[in-house]
Each structure stands twice: as C-alpha cells, then as structure tokens.
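S.K.: Quick one: structure below, then a few questions.
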Amino acid sequence: METNLKGKRALVLGASKGLGFGIAKGLAEEGASVAIASRTIEGSKAAADKIGAAPLVCDTGDADQVDALAQELTAAFGGIDVLVLNSGGPPPGKAQGVSSEQWRASFEAMFVNLVRLTDHLLPGMIERKFGRIISVISSGVIQPIPNLAISNAIRPALVGWGKTLASEVAVFGITVNAIAPGRIATDRLKQLDAANAERTGRSVEDVATAARAGIPAGRYGEIDEFGAAAVFLASEKASFITGSILRVDGGQISAT
C-alpha cells in the first residue's frame with residue numbers, strides 16, 4: 001500500500017520506547033521526517049539514533065515544555081503534518097483514595113497539555129490543508145480495566161475532544177483519530193502485570209498466562225503491529241476516516 005508519507009513531518013510523543021517508538025519507527029520506514037520526544041533528551045537520542053529521527057525533550061506534565069516544543073518544531077521543521085499524542089500511563093490503582101493532586105497532575109499530562117500542543121500546531125495544518133492527529137488511548141475507554149482507575153477516567157476525555165475536533169477540521173483535510181491498544185508487549189505492560197501479580201498474590205507468569213488466555217489471538221501484540229495501525233491512519237489512504245477509534249487488541253475487547 002502506498003502511504004504517501006515520504007517527506008511528511010511527524011512528531012511522536014513518548015517515543016523513546018514502547019508504543020510511541022513503534023509508531024515513530026513505522027513512520028520513519030515510510031519515509032516521513034520524524035521527531036520524537038520523551039521526558040529526557042538521553043532517552044530521545046537513544047531511540048532516535050535507531051531510526052534516524054530528530055530527538056527532542058518534552059514532559060507533557062509541564063506546560064512550559066509543551067510550549068517550547070511547539071516553538072522548536074515550528075522553527076526547525078516549519079510545522080508538523082502528523083501529530084501523535086502519546087502520554088505516559090498513570091500509576092495503577094483503584095478509583096478510591098486518589099488524591100486531588102494526583103488527579104490534577106494526571107489530567108494536565110494526559111489531556112490538557114496534549115490539547116495545548118495540538119492548538120499550537122493545528123493552524124499550520126489548516127493552512128496546508130493536510131493534517132493527521134492520532135491519540136494513543138487505551139482499551140479502558142471502551143471497557144474499563146481493573147486497577148487502572150486514573151487511565152479509565154481521563155483517556156475518554158481525549159476521545160471526546162478528538163471526536164469534536166474531527167468534525168471541526170475535516171473540511172481542511174485534517175483527520176483526528178485514536179488508537180486503543182490492547183495488551184501490547186511493552187515495559188508498561190510488564191509493570192502492569194507485576195502490579196496485578198502483587199495485588200492478587202499470584203506470580204507474574206500466572207498473570208501473563210491468564211491474560212493471554214483472554215485474548216482470542218492467544219498472545220500479546222508487538223509494537224511494530226501497533227505502529228502499523230498508526231501508519232495507516234497517518235497515510236493518505238485513510239483520508240476518509242476521522243473521529244474514529246481503531247482497536248489493536250487481538251480481539252480482546254468485544255464491546256463496541
């Protein structure tokens with residue numbers, strides 16, 4: 001499939017490893033000029049060197065860093081054509097007993113500042129009559145995941161914002177979509193499996209075996225498979241898909 005991504009400018013947040021790196025790698029392989037951002041420049045450089053990307057630093061919990069990133073992208077690249085909003089996952093835990101400070105910090109990092117960055121970069125997309133905005137969310141927006149209360153609560157806000165924005169900017173050739181990962185083999189998944197094992201008194205391997213048994217595909221997904229879904233949504237072939245959620249979960253979530 002011809003993606004027509006060669007020469008397109010892409011920014012992927014949270015791309016030093018895991019899902020973000022899988023997306024950045026997929027876009028780079030299609031010829032896009034990719035900038036990756038993570039909380040540390042060391043992490044960004046290590047990942048960027050593997051795929052020929054530009055390393056940048058941004059903690060989405062810090063509005064000043066978000067503003068500085070937008071300015072740097074405009075100065076160095078002249079804008080962005082493909083924006084991948086991928087924030088780090090919050091700590092696991094129940095809905096009860098979360099401090100107000102934790103709720104506010106998570107909401108800033110996972111929603112407010114992602115919208116802030118988009119607002120910085122969107123005018124250029126509108127002017128060029130092309131843009132792809134892709135949010136990495138969670139299957140918890142469809143079916144809440146036990147012990148991930150903060151994620152279950154905040155990620156749906158990004159979906160609602162994205163669907164609303166999609167209807168506003170479609171006329172300018174800009175699509176706004178979300179990708180909901182299931183259980184993809186990342187360091188984050190290892191962390192969640194370990195937390196689940198501690199919470200339930202089982203071994204990590206027992207937790208992972210039980211999780212795989214609940215996936216019709218019978219395995220965890222790979223980051224390259226997840227990245228391929230983002231590449232498709234970024235491509236010109238997906239120009240009539242907007243306001244949607246694409247599930248990459250091996251059939252795990254049966255709800256619509």
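The values are calculated or read from the model by the stated rules, or taken from the named source; none is laboratory data. Fair warning: this is a prediction, and the values are worked out from it, not measured in the lab. Neighbour counts run over all protein chains shown; Cβ positions are idealised from the backbone, glycine included.
S.K.: Checking the structure you have, find out if any residue of the range 92-109 is crowded, with 16+ Cβ neighbours inside 10 Å and either more than 27 Å from P156 (Cα to Cα) or free of Cβ contacts under 8 Å to residues at least 24 places away in the same chain (or both).
M.R.: Within the range 92-109, not a single residue is crowded, with 16+ Cβ neighbours inside 10 Å and either more than 27 Å from P156 (Cα to Cα) or free of Cβ contacts under 8 Å to residues at least 24 places away in the same chain (or both).
S.K.: Could you tell me which of the residues K45, K50 is of a type in the set (K, R), surrounded by fewer than 23 Cβ atoms within 10 Å (Cβ to Cβ) and free of Cβ contacts under 8 Å to residues at least 24 places away in the same chain?
M.R.: K45
S.K.: Continuing with the same structure: Could you please find all residues in the range 217-239 being out of contact with any Asp or Glu (no Cβ under 9 Å at 6 or more places or on another chain) and farther than 20 Å from L27 by Cβ?
M.R.: Within the range 217-239, G218, R219, Y220 meet the criteria.
S.K.: Go through F107, F77 for me and flag whichever is under 26 Å from A28 (Cβ atoms) and either in the same structural domain as A234 (by TED's automatic domain parsing) or among the aliphatic types (A, V, I, L, M) (or both).
M.R.: Matching residue, one of F107, F77: F77.
S.K.: Let me ask another. Which residues, counting only those in the range 121-143, are surrounded by fewer than 17 Cβ atoms within 10 Å (Cβ to Cβ) and either at pLDDT below 95 or not in a loop (DSSP other than H, G, I, E, B) (or both)?
M.R.: P123, I126, E127, R128, Q143
S.K.: Now a separate question. Would you check if there is a residue in the range 144-160 being among the basic types (K, R) and within 14 Å of L13 (Cβ to Cβ)?
M.R.: Looking for residues that are among the basic types (K, R) and within 14 Å of L13 (Cβ to Cβ), one finds none in the range 144-160, hence no.
S.K.: Inspect the range 213-220 for any residue being assigned to a helix (DSSP H, G or I) and among the charged types (D, E, K, R) and give the result as yes or no.
M.R.: no
S.K.: Here's a follow-up. Select from the range 168-183 the residues that are farther than 21 Å from S235 by Cβ and either of a type outside the set (D, E) or assigned to a loop (DSSP other than H, G, I, E, B) (or both) and list them in ascending order.
M.R.: Across the range 168-183, the qualifying residues are G182, R183.
S.K.: Kindly list the number of the only condition in (1) within 23 Å of D119 (Cα to Cα); (2) surrounded by 17 or more Cβ atoms within 10 Å (Cβ to Cβ); (3) hydroxyl-bearing (S, T, Y) that fails for T164.
M.R.: For T164, the exception is condition (2).
For every residue, the table says whether it meets (1) outside any helix (DSSP H, G or I); (2) modelled with pLDDT under 90; (3) of a type in the set (A, V, I, L, M, F, W, C).
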position	(1), (2), (3)
L192	no, yes, yes
R202	yes, no, no
E205	no, yes, no
A210	no, yes, yes
E225	no, no, no
A229	no, no, yes
F240	yes, no, yes
Q252	yes, yes, no
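S.K.: Just give me the residues in the range 68-93 being farther than 25 Å from K129 by Cβ and modelled with pLDDT under 95, in sequence order.
M.R.: Selection gives S87, G88, G89, P90, P91, P92, G93.
S.K.: Still on this structure, I have one more. So which helices (runs of 4 or more DSSP H) stay within the range 3-111 end to end and still have 1 or more residues that are of a type in the set (S, T, N, Q)?
M.R.: Hits in the range 3-111: 41-51, 63-77, 100-107.
S.K.: While we're looking at this one, here's another question. Quick one: is V112 surrounded by fewer than 20 Cβ atoms within 10 Å (Cβ to Cβ), of a type in the set (A, V, I, L, M), closer than 23 Å to K8 by Cα and at pLDDT 95 or above?
M.R.: Answer is no for this residue.
S.K.: Follow-up question, since we're still on this one. Consider A46 carefully, then state whether it is under 18 Å from the mean Cα position of the chain (by Cα) and assigned by TED's automatic domain parsing to the domain that holds L114.
M.R.: No.
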